[in-house]
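Below is one structure, written out as C-alpha cells, with a few remarks after it.
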Amino acid sequence: VKVVKLEKNYRSKGNILKAANFLISKNKARMGKNLWTDANDGKKISIINTYNSGEEAIYVSDKIEELKNSKESLNSCAILVRASYQTRSFEDRFIKIGLPYKIIGGTKFYERLEIRDALAFFRVTSSDYDDLAFERIINVPKRGLGEKSMRQIEVFARKKNISLLQASRILVMENSFAVKTNAKLLSFLKSVDRWREKINLSAPELAKIILDESGYTEMWQNDKSIEAETRLDNLKELVNALNEFDDIRSFLEHIQLVMDNETSNVKETVNIMTFHAAKGLEYKYVFLPGWEEDVFPNRRALEERFNEGLEEERRLAYVGITRAREQIWIIHANSRIIHGQWYYSVPSRFISELPKENINFINTYSEINQNNYETVDENKKINYSEENKIFKGTQVFHQKFGYGIVISLDGENVEVKFNKTNIKKVRVEFLSTNA
C-alpha cells in the first residue's frame, strides 16, 4: 500500500495555509499533511478584538459594506460560526441596515420551529385576535386537543364572529369538551391571563416566564433528539435578543418589520453558516466570529469528549480557515450575553496557536497588547502582577469562572486553576482578590 498525500492547494493564499498548517499541527491523532501553494502569501489573517458581541456584528457588517463599495460581490463573503444560535446577532444587524443574506445548510433564525413557536406564545399573550398564533401553540406541548375539538372551536368562532381564543374561553366555561381536555385548556387560558397581567415586565423576564410556565422549555429539555440541545440554545438566544426592547409588544413590532422586509429575489447575498455546513465550500472573504473560550472551542464538546473533543474543535477551526481564498477576519469579543447575562470572555486558545508572522492584531476601541494571545510560560518573570497584588498561589475570583488559584503569570495574562472548571488563561483586570 502506498500513501499519496494531496498537499498542493489551489484555493488559498500562502498566509492562510501557513496559519492552518501551524494550527492543525497541534492535533496528535492525525496523519501529517502540510498544504502548500504556488500562489503568493497574500494578506495576513486579521485578529479583531471587539468590546462586545454587538460591536462584533457591527464590525463585520461594516467590513462587508466596504468590500461591496469596492465592487466586490456579496456572494464572495461568508460568515462561519460554531453554533447556529450565533447567527441571530448578524441577521438582526443585516436586516437593520438592509444587507441581504442567506443561511447555508440551515434556516434563518426567526424561521426556526422553536422560534416560531415562542413568538406564537408571545403573540397570544399580546393579543386576543391572532388566530394563526393560537392554532400554532394551542396543542404545544400536547394538551389532548384533537382535530374534533379544534374543529369545534373554529366553527363556534365563525358562527359568533369572534377569535379562536375568545371562542375557547366560552366553550371551556360551558364544559364543551371532554373533562381532561377541558381542564387542560382552562389551565392554558388562565396562564395566558396571568402572562397578560405581567405584560409590562421587561421583555426578557416575561419571555422566560411564558416559556417556562407553558411547559415549552421543559418539553425540549425532556426531548432526547439530537436537535433538542440546539433548539434550547436558540431559545436562550431569543431571550438575549429581547434585552434590546422595552417590552414584548415592541419586540413583536420589530419582528413584524423583519418579516415584512424579507426579500428572496436578490441576486447577491452574504453567506452565513456553521463550520459543519461549510465543509467543501470556499469563499474569497471569510469572517470567523466568536473565537472565545466556551464558544469556540465549544464547552460542551470539551466536557463530554475531553481531548478528543478539543481535537475535533481544532479540526473545525482548520476547516474554517481553509474555506478562504483571499482574506480572513477572526473576531473575539471582550464580553458576550450568555443566558441573559453579560459575561467577560477569554480569547480562544486557538488564537494563541496561530503563527505570529502570519497574523495581524487589530483592536477596535483601544491599544492592543499582543501578549494577550501568547501561551503562558510559567518560568517567565512577573512584573505586572505585583501592582495588582496578584501572585502565584493567590486566591482570586472571576465573574464567569468563580473562585480559583493563580498558578502562573506573564504580564497582563494569568493562568488560574478554577474550582469548578479546568485551567483558564485570563487577564488580570478581570480578577479580584477580595470577592
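The values are calculated or read from the model by the stated rules, or taken from the named source; none is laboratory data. For clarity, every value in this text was computed on a predicted model and none was experimentally measured. When the accessible area is computed, the model is the full protein with side chains, heavy atoms only, and any ligands, DNA or RNA have been set aside. Shrake-Rupley method; radii C 1.70, N 1.55, O 1.52, S 1.80 Å.
Quick notes
- If you wrap the tightest convex hull around every Cα atom of region 148-221 and split its volume per residue, you get 107 Å³.
- Compactness ratio for region 82-155: Cα radius of gyration over 2.2 N^0.38 Å (N = residue count) comes to 1.43.
- Region 229-254 and region 79-121 have Cα centres spaced 12 Å apart.
- Region 202-270 shape via C-alpha gyration tensor axes, a/c threshold 1.5: oblate
- Kirkwood-type radius of region 1-72, with distances r between different C-alpha atoms, in Å: 15.3 Å
- The heavy atoms of Met259 offer some 60 square angstrom of accessible surface to a 1.4 angstrom probe.
- Accessible surface of the chain [probe 1.4 Å, protein heavy atoms]: carbon and sulfur percent: 48 percent
- Using a cutoff of 8 angstrom between alpha carbon atoms and counting only pairs six or more residues apart, the relative contact order for the chain works out to 23 percent.
- Solvent exposure ordering (accessible area, 1.4 Å, most first) of Glu174, Glu237: Glu174, Glu237
- Theoretical ellipticity at 222 nm over the chain - DSSP helices of four or more residues, -39500 (n - 2.57) apiece, nearest 500: -13000 deg cm²/dmol
- Ordered by 1.4 Å accessible area with all protein chains kept, Trp220, Trp329 run largest first as Trp220, Trp329.
- The overall shape of region 43-106, judged from the alpha-carbon gyration tensor, is rounded, with an a/c ratio under 1.5.
- With 27 Å as the limit on Cα-Cα distance, the pairs of Lys26/Lys417; Lys142/Lys236; Lys108/Lys190; Lys18/Lys102 that go past it are Lys108/Lys190; Lys18/Lys102.
- In region 191-328, the ratio of gyration radius to Kirkwood radius, Rg to Rh, stands at 1.05 when only Cα atoms are counted.
- Listed residues Thr87, Thr37 arranged by accessible area, highest first, probe 1.4 Å: Thr37, Thr87
- When only Cα pairs below 8 angstrom with a gap of at least 6 residues are kept, region 66-200 shows a relative contact order of 18 percent.
- Out of every Cα-Cα pair that the chain contains, those further apart than 39 angstrom amount to 32 percent.
- Range of Cα positions in region 74-207 per principal axis (Å), largest first: 61, 32, 28
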